Amino acid sequence: MAKKLSRIFLLSKLWAVFLEGPTTGGYPFEPLQLPSGFRGKVVMNAHLCNGCGLCVQDCPASALKIERFDKQHFRIVYNPARCAYCGQCEISCHRGAIHLTNDFNPAVQHIGNLIEVLVERGLPKG
């Protein structure tokens, strides 16, 4: 008897799904509607960054890398292929220099073309 009731319950749910219709969006024929909390491309305000490296240190996916030349000269490199889009870099930055936007990362032919330099604070002379 329990099996019969479970099958009736299942069939009623299945029928409701068929009558409901598709729930997909109209993309690419309509603009894509992203949720308000969507986290996309990582951007950095180079003027606010002081090179402390907290964003790099706290990144769980190792998507950020800092290359130090000396105390004032550094480069922060971002690899979106490794990024988990968790927002930890944004939380870790006390100066508010890094944040995630609603933009997508562009499609590329080779994964190496995704890597981008977020901050380049001078190169040492000589």
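General observations
- Residue that is modelled with the lowest pLDDT, among those in region 103-114 that are exposed (fewer than 13 other Cβ atoms within 10 Å of the Cβ) and either aliphatic (A, V, I, L, M) or in a loop (DSSP other than H, G, I, E, B) (or both): PRO106
- Verdict on VAL117 being outside any loop (DSSP other than H, G, I, E, B), loosely packed, with under 15 Cβ neighbours inside 10 Å and touching a strand residue (DSSP E or B) at 6+ places or on another chain (Cβ under 9 Å): yes
- Close contacts from region 108-120, counting a first residue that is farther than 11 Å from MET44 by Cα and a second that is exposed (fewer than 10 other Cβ atoms within 10 Å of the Cβ), with Cβ to Cβ under 9 Å and a gap of 6+ residues or different chains, come to ASN113/PRO106; LEU114/PRO106.
- Residue check: ALA61 meets all listed conditions (1) hydrophobic (A, V, I, L, M, F, W, C); (2) surrounded by fewer than 12 Cβ atoms within 10 Å (Cβ to Cβ); (3) part of a loop (DSSP other than H, G, I, E, B) but one, namely (2).
- Which numbered condition GLU67 misses (of (1) more than 22 Å from LEU123 (Cα to Cα); (2) free of Cβ contacts under 8 Å to residues at least 40 places away in the same chain; (3) not in a loop (DSSP other than H, G, I, E, B)): (1)
The values are calculated or read from the model by the stated rules, or taken from the named source; none is laboratory data. Please read all numbers here as calculations on a predicted model, not as lab measurements. No Cβ is skipped: glycine too gets one built from the backbone with ideal geometry, and neighbour counts run over all protein chains shown.
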